[in-house]
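First the structure, in the form of structure tokens, and then the observations on it.
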Amino acid sequence: MTVPGIGPLIATAIATLAPPPETFRKARDFAAWLGLTPRQHSTGGKQRLGATTKMGERSLRRLLIIGTNSVIIKRHVHAAARPGSWLAGMLTRKPPMLVRVALANKMARIVWALMARGGVYQSPAAAA
């Protein structure tokens with residue numbers, strides 16, 4: 001629950017619905033299981049990414065996107081969303097829903113890392 005956008009409801013849902021983190025080799029596999037990664041159309045060493053797959057655990061994906069929505073709405077509170085950050089730059093360049101899904105993907109990868117390795121989330125500003 002220390003990750004911005006993940007409260008008690010989402011943390012409980014992840015603990016209940018998600019398989020053990022050892023099931024997935026890396027965080028991208030967990031995000032793909034949730035349906036938050038782009039479809040790959042890669043060939044000849046050239047990586048081409050398409051639209052988000054949406055094939056996966058529907059309820060957790062929805063909850064993560066709702067959590068990212070709260071981060072975006074209250075971006076003046078969260079350090080990760082202040083001007084000059086990754087999120088602020090994305091919001092100026094990309095459509096809002098695409099940014100929400102991208103942030104949900106990022107949050108899912110952080111959650112997997114915390115579940116797999118243990119520990120407590122530290123924001124990038126606090127870690128530096």
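The values are calculated or read from the model by the stated rules, or taken from the named source; none is laboratory data. Keep in mind that this is a model prediction, so the values were computed, not measured. All Cβ positions, even for glycine, are placed from backbone atoms using ideal geometry, and neighbour counts span all protein chains on display.
If you check L98 against the conditions, is it outside any loop (DSSP other than H, G, I, E, B), over 20 Å from I10 (Cα atoms), of a type in the set (A, V, I, L, M, F, W, C) and at pLDDT below 85? Break it down stepwise before answering.
Numbers: outside any loop (DSSP other than H, G, I, E, B): yes; over 20 Å from I10 (Cα atoms): yes; of a type in the set (A, V, I, L, M, F, W, C): yes; at pLDDT below 85: no.
Taking the combined requirement at face value, the residue does not satisfy it.
Give the residues of the range 1-37 that are part of a helix (DSSP H, G or I) and without any contact (Cβ under 8 Å) to a residue 12 or more places away in the chain, sorted by residue number.
Answer for the range 1-37, where residues must be part of a helix (DSSP H, G or I) and without any contact (Cβ under 8 Å) to a residue 12 or more places away in the chain: P8, A11, T12, A15, T16, T23, D29.
Of the residues in the range 49-82, how many are surrounded by 11 or more Cβ atoms within 10 Å (Cβ to Cβ) and at pLDDT below 75?
Selection size over the range 49-82: 13.
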